[in-house]
Amino acid sequence: MKMNAPQAGKTNMFSGIARCADCDKEPYYCTSKNFEARQDHFVCSTSRLKGKEVCPTHFIRAVALEQGVLSYMRMTIACIANHEEQFRKAMGARKPKRKENLR
């Protein structure tokens, strides 16, 4: 049986942040004390409450969402690292001056 996260004693870092791509509503975080981490998932709240006619069912496993966001962050960081000067210029930041070693 699926339980709300507070009842199951589990939470997810994307609870309250994630949104349905179609209706922009917050999805339900579905978990249970008996679920393995790979079974925790988010499902569209509109679809659950009002039916698939209003919003097609959207479902994503929490681990897939976490892996996707981490992958995107790594790609973004690599892009910034490879184009640091352009990024700093775009952000209006200056590269910090290196301090000479004092002897």
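The values are calculated or read from the model by the stated rules, or taken from the named source; none is laboratory data. As the structure is a prediction and not an experimental result, all values here were calculated from the model. Here Cβ is always computed from backbone atoms with ideal geometry, including for glycine, and neighbour counts include all displayed protein chains. Ligands, DNA and RNA are stripped out before the accessible areas are found, and what is left, the full protein with its side chains, is counted by its heavy atoms. Shrake-Rupley method; radii C 1.70, N 1.55, O 1.52, S 1.80 Å.
Quick rundown of the values:
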read-out	value
Set of aspartates and glutamates with alpha-carbon distance to Lys10 below 20 Å, sequence-local pairs under 8 removed	Glu26, Glu36, Asp40, Glu66
Heavy atoms of Ile80: accessible area, 1.4 Å probe, square angstrom to 10	50 Å²
Low-density loop cleavage sites - trypsin sites (Lys or Arg not before Pro) in region 16-86, where at most 11 other Cβ are within 10 Å (DSSP)	Lys33, Lys52
Sparse-neighbour loop sites [GluC sites (Glu not before Pro); region 10-66; at most 12 other C-beta within 10 Å; DSSP]	Glu36, Glu53
With DNA, RNA and ligands ignored, accessible area of Thr11 (1.4 Å probe; Å², nearest 10)	120 Å²
